[in-house]
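Structure incoming, see below.
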Amino acid sequence: MTRALDGKSMEWVEPFLEQIPDIQVFQDLAIAHQQLGNSESALAVIERAHAIYPAQQQVAEVRERLLRGERLISGADSRATTTN
């Protein structure tokens, strides 16, 4: 079964990040928000990660890309779906 990304499928992420503020999960959530057309939410997620991990270069780079209005993924990557 293939599911497209939607906001409802991301509901578990916020409580998870409260318990385990994982850098990759922050990044993935920002990508998901951007793919759904929520650029402001994507930036807010990365700003939270940056506040927790100010010295983490990967987070800083993603933050800068979002501030420049760049897509975090492109081409065929942006059409990815989840297969179960």
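Please find, among Gly37, Gly75, the residue that is modelled with pLDDT under 85, out of contact with any His (no Cβ under 7 Å at 6 or more places or on another chain) and of a type outside the set (Ser, Thr, Tyr).
Only one candidate passes the filter, namely Gly75.
Scan region 60-75 and report the pairs whose first residue is over 16 Å from His33 (Cβ atoms) and whose second residue is surrounded by 14 or more Cβ atoms within 10 Å (Cβ to Cβ) and not aliphatic (A, V, I, L, M), with Cβ atoms within less than 8 Å and a gap of 6+ or a chain change.
Ala60/His50
Given region 12-62, what helices (runs of 4 or more DSSP H) lie entirely inside it while holding 1 or more residues that are crowded, with 18+ Cβ neighbours inside 10 Å and in contact with a Lys or Arg (Cβ under 8 Å, 6 or more places away or on another chain)?
23-35, 39-52
The values are calculated or read from the model by the stated rules, or taken from the named source; none is laboratory data. All of these numbers come straight from a predicted model, not from anything done at the bench. Note that each Cβ is placed from the backbone with ideal geometry, even for glycine, and that neighbours are counted across all protein chains shown.
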